[in-house]
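Below: the structure, in C-alpha coordinates.
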Amino acid sequence: MHSHAIGNIAPCRHAVLAVIAAAALVVGGCTKQKEEPPLRKAFGQQELLIGLIPEQNIFKQRERYNLLRMYLSGKLGITVNFTSLSRYGNIIDRFTAERMDAAFFGSFTDGLARRQLGVEPLARPVNLDGTSTYHGYLFVRKDSGIRKAADMKGKRFAFVEYATTAGYLFPLAYFRSSGVPDPQQYLGQTFFAGSHDAAVLAVLNREADIGAAKNTIYDQLAGENPRIEQELIILATSGVVPQNCLAVRKDLDPDLKAELKRVLLEMERDPEGAEVLRKFGARGFVETVDQDYAYLYTLASQVGIDLKTYNYRNK
(Lines give C-alpha, C1' and ligand atoms only; values in the text may rest on other atoms or scores of the structure.)
Protein backbone atom coordinates (compact mmCIF):
# COMPACT_ATOMS: atom_id res chain seq x y z
CA MET A 1 0.00 0.00 0.00
CA HIS A 2 2.65 2.51 1.09
CA SER A 3 5.04 1.66 -1.74
CA HIS A 4 2.20 1.94 -4.24
CA ALA A 5 1.25 5.40 -2.94
CA ILE A 6 4.83 6.60 -2.95
CA GLY A 7 5.35 5.29 -6.46
CA ASN A 8 2.46 7.52 -7.76
CA ILE A 9 3.69 10.81 -6.27
CA ALA A 10 5.92 11.76 -9.26
CA PRO A 11 3.26 11.14 -11.93
CA CYS A 12 0.73 13.16 -9.92
CA ARG A 13 3.21 16.03 -9.56
CA HIS A 14 3.74 16.09 -13.32
CA ALA A 15 0.00 16.08 -13.88
CA VAL A 16 -0.50 19.00 -11.47
CA LEU A 17 2.32 20.96 -13.12
CA ALA A 18 0.80 20.30 -16.53
CA VAL A 19 -2.60 21.58 -15.33
CA ILE A 20 -0.97 24.70 -13.85
CA ALA A 21 0.96 25.35 -17.08
CA ALA A 22 -2.19 24.93 -19.14
CA ALA A 23 -4.07 27.28 -16.82
CA ALA A 24 -1.29 29.84 -17.17
CA LEU A 25 -1.55 29.65 -20.92
CA VAL A 26 -5.31 30.15 -20.74
CA VAL A 27 -4.96 33.10 -18.36
CA GLY A 28 -2.21 34.57 -20.53
CA GLY A 29 -4.38 34.15 -23.60
CA CYS A 30 -7.31 35.86 -21.85
CA THR A 31 -5.11 38.75 -20.76
CA LYS A 32 -3.87 39.25 -24.29
CA GLN A 33 -7.40 39.04 -25.63
CA LYS A 34 -8.59 41.77 -23.22
CA GLU A 35 -5.90 44.13 -24.49
CA GLU A 36 -7.22 43.93 -28.03
CA PRO A 37 -9.76 46.63 -28.97
CA PRO A 38 -13.36 45.40 -29.14
CA LEU A 39 -14.74 44.67 -32.55
CA ARG A 40 -16.91 47.51 -33.80
CA LYS A 41 -19.77 47.47 -36.23
CA ALA A 42 -18.55 48.32 -39.71
CA PHE A 43 -20.15 51.50 -41.01
CA GLY A 44 -20.56 52.38 -44.65
CA GLN A 45 -17.37 54.49 -44.39
CA GLN A 46 -14.21 54.54 -42.31
CA GLU A 47 -13.66 58.32 -42.23
CA LEU A 48 -15.84 61.23 -41.10
CA LEU A 49 -15.08 64.78 -42.29
CA ILE A 50 -16.56 67.60 -40.19
CA GLY A 51 -16.41 71.31 -41.08
CA LEU A 52 -15.86 74.13 -38.57
CA ILE A 53 -17.02 77.70 -39.11
CA PRO A 54 -14.51 80.44 -38.17
CA GLU A 55 -16.21 81.93 -35.10
CA GLN A 56 -12.84 82.65 -33.47
CA ASN A 57 -9.10 82.58 -34.18
CA ILE A 58 -8.45 79.47 -36.26
CA PHE A 59 -5.56 78.23 -34.10
CA LYS A 60 -7.62 78.53 -30.92
CA GLN A 61 -10.46 76.72 -32.65
CA ARG A 62 -8.29 73.82 -33.84
CA GLU A 63 -6.86 73.38 -30.36
CA ARG A 64 -10.34 73.37 -28.83
CA TYR A 65 -11.76 70.77 -31.21
CA ASN A 66 -8.75 68.43 -31.37
CA LEU A 67 -9.60 66.51 -28.17
CA LEU A 68 -13.18 66.10 -29.36
CA ARG A 69 -11.87 64.76 -32.67
CA MET A 70 -9.74 62.13 -30.91
CA TYR A 71 -12.57 61.16 -28.56
CA LEU A 72 -15.06 60.67 -31.39
CA SER A 73 -12.51 58.68 -33.41
CA GLY A 74 -12.00 56.32 -30.47
CA LYS A 75 -15.66 55.86 -29.68
CA LEU A 76 -16.81 55.44 -33.28
CA GLY A 77 -13.87 53.29 -34.35
CA ILE A 78 -13.33 55.37 -37.48
CA THR A 79 -11.09 58.29 -38.40
CA VAL A 80 -12.70 61.65 -37.60
CA ASN A 81 -11.18 64.79 -39.13
CA PHE A 82 -12.11 68.45 -38.84
CA THR A 83 -11.58 71.00 -41.59
CA SER A 84 -11.59 74.71 -40.77
CA LEU A 85 -13.47 77.02 -43.10
CA SER A 86 -11.83 80.34 -43.87
CA ARG A 87 -15.14 82.16 -44.29
CA TYR A 88 -18.66 81.72 -42.95
CA GLY A 89 -20.18 82.49 -46.31
CA ASN A 90 -18.67 79.62 -48.29
CA ILE A 91 -19.69 76.76 -46.03
CA ILE A 92 -22.57 75.63 -48.24
CA ASP A 93 -20.33 75.46 -51.32
CA ARG A 94 -17.47 73.84 -49.40
CA PHE A 95 -19.78 71.32 -47.74
CA THR A 96 -20.81 70.03 -51.15
CA ALA A 97 -17.51 70.44 -53.03
CA GLU A 98 -15.38 68.78 -50.35
CA ARG A 99 -17.96 66.08 -49.64
CA MET A 100 -18.16 66.85 -45.95
CA ASP A 101 -20.17 64.46 -43.84
CA ALA A 102 -21.13 67.01 -41.21
CA ALA A 103 -20.36 70.48 -39.87
CA PHE A 104 -20.74 72.52 -36.71
CA PHE A 105 -23.03 75.10 -38.26
CA GLY A 106 -23.79 78.47 -36.73
CA SER A 107 -27.49 79.25 -36.42
CA PHE A 108 -27.67 81.19 -39.72
CA THR A 109 -25.54 78.74 -41.72
CA ASP A 110 -27.54 75.89 -40.18
CA GLY A 111 -30.73 77.49 -41.46
CA LEU A 112 -29.17 77.90 -44.90
CA ALA A 113 -27.82 74.33 -44.99
CA ARG A 114 -31.11 72.89 -43.83
CA ARG A 115 -33.12 74.76 -46.45
CA GLN A 116 -30.61 74.33 -49.30
CA LEU A 117 -28.94 70.98 -48.61
CA GLY A 118 -31.37 69.16 -46.32
CA VAL A 119 -28.80 68.55 -43.57
CA GLU A 120 -30.08 66.92 -40.38
CA PRO A 121 -29.25 68.42 -36.95
CA LEU A 122 -27.95 66.06 -34.27
CA ALA A 123 -26.74 67.90 -31.19
CA ARG A 124 -25.16 71.10 -29.89
CA PRO A 125 -22.94 71.79 -26.88
CA VAL A 126 -24.29 73.00 -23.55
CA ASN A 127 -22.35 76.00 -22.24
CA LEU A 128 -20.67 75.90 -18.83
CA ASP A 129 -23.43 78.16 -17.48
CA GLY A 130 -26.03 75.54 -18.43
CA THR A 131 -27.37 77.30 -21.54
CA SER A 132 -27.18 75.82 -25.04
CA THR A 133 -27.98 79.05 -26.85
CA TYR A 134 -26.30 82.36 -27.61
CA HIS A 135 -27.38 85.87 -28.50
CA GLY A 136 -25.94 88.81 -30.37
CA TYR A 137 -24.38 91.97 -28.98
CA LEU A 138 -24.00 95.42 -30.53
CA PHE A 139 -21.21 97.29 -28.77
CA VAL A 140 -19.17 100.50 -28.91
CA ARG A 141 -16.38 102.15 -26.97
CA LYS A 142 -17.61 103.94 -23.85
CA ASP A 143 -15.84 107.11 -24.94
CA SER A 144 -17.41 107.08 -28.44
CA GLY A 145 -20.55 109.01 -27.50
CA ILE A 146 -22.62 106.46 -29.43
CA ARG A 147 -25.66 105.13 -27.55
CA LYS A 148 -28.37 104.60 -30.20
CA ALA A 149 -28.84 104.16 -33.94
CA ALA A 150 -29.20 107.91 -34.47
CA ASP A 151 -25.62 108.33 -33.21
CA MET A 152 -24.26 105.81 -35.73
CA LYS A 153 -24.74 107.82 -38.92
CA GLY A 154 -21.46 108.10 -40.80
CA LYS A 155 -19.64 105.80 -38.34
CA ARG A 156 -17.54 102.70 -38.99
CA PHE A 157 -19.24 99.33 -38.34
CA ALA A 158 -17.49 95.95 -37.98
CA PHE A 159 -19.78 93.09 -39.02
CA VAL A 160 -18.56 89.48 -38.81
CA GLU A 161 -19.75 87.83 -42.05
CA TYR A 162 -22.82 87.86 -44.29
CA ALA A 163 -23.88 84.43 -43.04
CA THR A 164 -23.94 85.03 -39.28
CA THR A 165 -26.92 85.68 -37.03
CA ALA A 166 -25.18 87.76 -34.36
CA GLY A 167 -22.62 89.29 -36.71
CA TYR A 168 -24.91 90.40 -39.54
CA LEU A 169 -28.59 89.40 -39.37
CA PHE A 170 -29.20 90.89 -35.91
CA PRO A 171 -27.54 94.26 -36.75
CA LEU A 172 -29.69 94.47 -39.92
CA ALA A 173 -32.84 93.89 -37.87
CA TYR A 174 -31.66 96.43 -35.28
CA PHE A 175 -31.26 99.12 -37.93
CA ARG A 176 -34.60 98.23 -39.56
CA SER A 177 -36.40 98.59 -36.22
CA SER A 178 -34.65 101.95 -35.75
CA GLY A 179 -35.93 103.27 -39.08
CA VAL A 180 -32.75 102.62 -41.07
CA PRO A 181 -33.60 100.28 -43.99
CA ASP A 182 -30.13 100.44 -45.57
CA PRO A 183 -27.32 100.56 -42.99
CA GLN A 184 -24.68 100.33 -45.73
CA GLN A 185 -25.77 103.77 -46.97
CA TYR A 186 -26.39 105.14 -43.48
CA LEU A 187 -23.03 104.20 -42.03
CA GLY A 188 -19.78 105.82 -43.10
CA GLN A 189 -17.81 102.59 -43.53
CA THR A 190 -18.65 98.92 -43.12
CA PHE A 191 -16.37 95.91 -43.22
CA PHE A 192 -16.42 92.24 -42.33
CA ALA A 193 -13.94 91.22 -39.64
CA GLY A 194 -14.17 87.50 -40.52
CA SER A 195 -14.67 86.20 -36.98
CA HIS A 196 -16.48 87.28 -33.82
CA ASP A 197 -13.33 87.87 -31.80
CA ALA A 198 -11.87 89.99 -34.62
CA ALA A 199 -15.00 92.20 -34.60
CA VAL A 200 -14.67 92.78 -30.85
CA LEU A 201 -10.98 93.63 -31.14
CA ALA A 202 -11.66 95.99 -34.05
CA VAL A 203 -13.81 98.17 -31.80
CA LEU A 204 -11.49 97.81 -28.82
CA ASN A 205 -8.54 98.94 -30.94
CA ARG A 206 -10.47 101.84 -32.54
CA GLU A 207 -10.49 100.31 -36.01
CA ALA A 208 -14.30 100.49 -35.91
CA ASP A 209 -16.79 102.57 -33.96
CA ILE A 210 -19.50 99.91 -33.62
CA GLY A 211 -19.28 96.14 -33.73
CA ALA A 212 -21.48 93.05 -33.62
CA ALA A 213 -20.62 89.60 -32.24
CA LYS A 214 -22.07 86.62 -30.40
CA ASN A 215 -22.12 86.93 -26.61
CA THR A 216 -20.21 83.69 -25.95
CA ILE A 217 -17.11 84.92 -27.79
CA TYR A 218 -17.44 88.49 -26.45
CA ASP A 219 -17.77 87.22 -22.87
CA GLN A 220 -14.86 84.82 -23.31
CA LEU A 221 -12.63 87.65 -24.53
CA ALA A 222 -13.82 89.90 -21.70
CA GLY A 223 -12.72 87.22 -19.23
CA GLU A 224 -9.27 87.15 -20.82
CA ASN A 225 -8.83 90.90 -21.39
CA PRO A 226 -10.06 93.34 -18.69
CA ARG A 227 -9.87 96.21 -21.19
CA ILE A 228 -13.05 94.98 -22.87
CA GLU A 229 -15.22 95.51 -19.81
CA GLN A 230 -13.41 98.72 -18.93
CA GLU A 231 -13.57 100.32 -22.37
CA LEU A 232 -16.58 98.83 -24.20
CA ILE A 233 -20.31 99.04 -23.59
CA ILE A 234 -23.10 96.81 -24.97
CA LEU A 235 -25.90 98.80 -26.62
CA ALA A 236 -28.29 96.04 -27.73
CA THR A 237 -28.86 92.34 -27.23
CA SER A 238 -30.69 89.98 -29.59
CA GLY A 239 -32.99 87.07 -28.84
CA VAL A 240 -31.49 83.58 -28.48
CA VAL A 241 -30.54 81.02 -31.11
CA PRO A 242 -28.95 77.56 -30.68
CA GLN A 243 -25.22 77.16 -30.12
CA ASN A 244 -23.26 75.82 -33.09
CA CYS A 245 -25.01 72.56 -33.94
CA LEU A 246 -23.49 69.44 -35.46
CA ALA A 247 -25.62 68.60 -38.50
CA VAL A 248 -24.95 65.76 -40.95
CA ARG A 249 -25.62 65.27 -44.65
CA LYS A 250 -29.00 63.71 -45.27
CA ASP A 251 -27.60 60.54 -46.88
CA LEU A 252 -25.06 59.69 -44.16
CA ASP A 253 -25.06 56.02 -43.08
CA PRO A 254 -28.06 55.81 -40.66
CA ASP A 255 -26.14 53.60 -38.22
CA LEU A 256 -23.20 56.00 -38.15
CA LYS A 257 -25.54 58.96 -37.69
CA ALA A 258 -27.31 57.26 -34.78
CA GLU A 259 -24.04 56.23 -33.13
CA LEU A 260 -22.52 59.70 -33.52
CA LYS A 261 -25.57 61.26 -31.89
CA ARG A 262 -25.55 58.70 -29.06
CA VAL A 263 -21.86 59.28 -28.32
CA LEU A 264 -22.34 63.05 -28.15
CA LEU A 265 -25.43 62.91 -25.94
CA GLU A 266 -23.81 60.42 -23.52
CA MET A 267 -20.39 62.13 -23.27
CA GLU A 268 -21.04 63.75 -19.91
CA ARG A 269 -21.77 60.34 -18.33
CA ASP A 270 -18.47 58.89 -19.52
CA PRO A 271 -15.43 59.85 -17.34
CA GLU A 272 -13.21 60.23 -20.40
CA GLY A 273 -15.93 62.16 -22.20
CA ALA A 274 -16.49 64.43 -19.19
CA GLU A 275 -12.79 65.36 -19.19
CA VAL A 276 -12.86 66.14 -22.91
CA LEU A 277 -15.96 68.29 -22.37
CA ARG A 278 -14.24 70.20 -19.56
CA LYS A 279 -11.33 71.11 -21.83
CA PHE A 280 -13.74 71.82 -24.71
CA GLY A 281 -15.59 74.28 -22.48
CA ALA A 282 -18.98 72.57 -22.33
CA ARG A 283 -21.11 70.58 -19.90
CA GLY A 284 -22.38 68.17 -22.51
CA PHE A 285 -24.42 67.99 -25.69
CA VAL A 286 -28.17 68.34 -26.14
CA GLU A 287 -30.44 67.22 -28.97
CA THR A 288 -31.32 69.95 -31.47
CA VAL A 289 -34.53 70.29 -33.51
CA ASP A 290 -35.84 72.73 -36.11
CA GLN A 291 -38.13 74.56 -33.67
CA ASP A 292 -35.05 75.75 -31.78
CA TYR A 293 -34.37 78.14 -34.68
CA ALA A 294 -37.65 80.09 -34.45
CA TYR A 295 -35.92 83.39 -33.63
CA LEU A 296 -33.56 83.00 -36.60
CA TYR A 297 -36.49 82.49 -38.96
CA THR A 298 -38.19 85.57 -37.48
CA LEU A 299 -35.07 87.71 -38.03
CA ALA A 300 -34.64 86.50 -41.61
CA SER A 301 -38.26 87.35 -42.33
CA GLN A 302 -37.90 90.81 -40.77
CA VAL A 303 -35.01 91.77 -43.07
CA GLY A 304 -36.45 90.08 -46.16
CA ILE A 305 -34.04 87.14 -46.46
CA ASP A 306 -35.24 83.86 -48.01
CA LEU A 307 -32.99 81.12 -46.62
CA LYS A 308 -33.66 78.88 -49.63
CA THR A 309 -32.23 81.37 -52.11
CA TYR A 310 -30.06 83.70 -50.01
CA ASN A 311 -26.79 84.70 -51.71
CA TYR A 312 -24.53 84.32 -48.71
CA ARG A 313 -21.20 84.91 -50.45
CA ASN A 314 -18.78 87.30 -48.78
CA LYS A 315 -16.92 89.82 -50.92
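The values are calculated or read from the model by the stated rules, or taken from the named source; none is laboratory data. Values in this document were obtained by computation on a predicted structure and should not be read as measured data. Note that we place each Cβ from the backbone using ideal geometry, even for glycine, and neighbour counts take in every protein chain shown. Heads up: the accessible areas ignore ligands, DNA and RNA and are worked out on the full protein's heavy atoms, side chains in. Shrake-Rupley method; radii C 1.70, N 1.55, O 1.52, S 1.80 Å.
Some values worked out for this structure:
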item: Boolean, Leu299 is in contact (Cβ under 8 Å) with a residue 40 or more places away in the chain, in a helix (DSSP H, G or I) and in contact with a strand residue (DSSP E or B) (Cβ under 9 Å, 6 or more places away or on another chain); result: yes
item: Subset of the range 78-88 (residues that are surrounded by fewer than 16 Cβ atoms within 10 Å (Cβ to Cβ) and touching a strand residue (DSSP E or B) at 6+ places or on another chain (Cβ under 6 Å)); result: Thr79, Asn81, Thr83, Ser84
item: Selection within the range 173-206 - open to solvent by less than 30 Å² (accessible area, probe 1.4 Å), farther than 17 Å from Arg141 by Cβ and among the hydrophobic types (A, V, I, L, M, F, W, C); result: Ala173, Phe175, Val180
item: Check on Ile146, more than 16 Å from the chain's Cα centre (by Cα) and open to solvent by less than 10 Å² (accessible area, probe 1.4 Å); result: yes
item: Per-region count, the range 45-64, residues open to solvent by 30 Å² or more (accessible area, probe 1.4 Å), at pLDDT below 75 and part of a loop (DSSP other than H, G, I, E, B); result: 1
item: Qualifying residue in the range 187-195 (condition: modelled with pLDDT of 95 or more and out of contact with any strand residue (DSSP E or B) (no Cβ under 7 Å at 6 or more places or on another chain)); result: no
item: Any chance Asp209 is within 18 Å of Gln302 (Cβ to Cβ), open to solvent by 20 Å² or more (accessible area, probe 1.4 Å) and among the acidic types (Asp, Glu); result: no
item: Some residue of the range 231-241 being surrounded by 13 or more Cβ atoms within 10 Å (Cβ to Cβ), closer than 24 Å to Ile92 by Cα and in contact (Cβ under 8 Å) with a residue 12 or more places away in the chain; result: yes
item: Whichever residue in the range 89-115 is open to solvent by 10 Å² or more (accessible area, probe 1.4 Å), touching a strand residue (DSSP E or B) at 6+ places or on another chain (Cβ under 8 Å) and in a helix (DSSP H, G or I) and, among such residues, is nearest to Leu49 (Cα to Cα); result: Phe95
item: The listed residue being touching a Leu at 6+ places or on another chain (Cβ under 7 Å), modelled with pLDDT of 90 or more, within 22 Å of His196 (Cβ to Cβ) and not aromatic (Phe, Trp, Tyr), out of Ala113, Ala102; result: Ala102
item: Matching residues in the range 253-294 - criterion: being open to solvent by 40 Å² or more (accessible area, probe 1.4 Å) and either β-branched (Val, Ile, Thr) or closer than 19 Å to Gln116 by Cα (or both); result: Val286, Val289, Asp290, Gln291, Asp292, Ala294
item: Tally, over the range 139-177, of residues that are under 30 Å from Asn90 (Cα atoms), without any contact (Cβ under 8 Å) to a residue 60 or more places away in the chain and part of a loop (DSSP other than H, G, I, E, B); result: 2
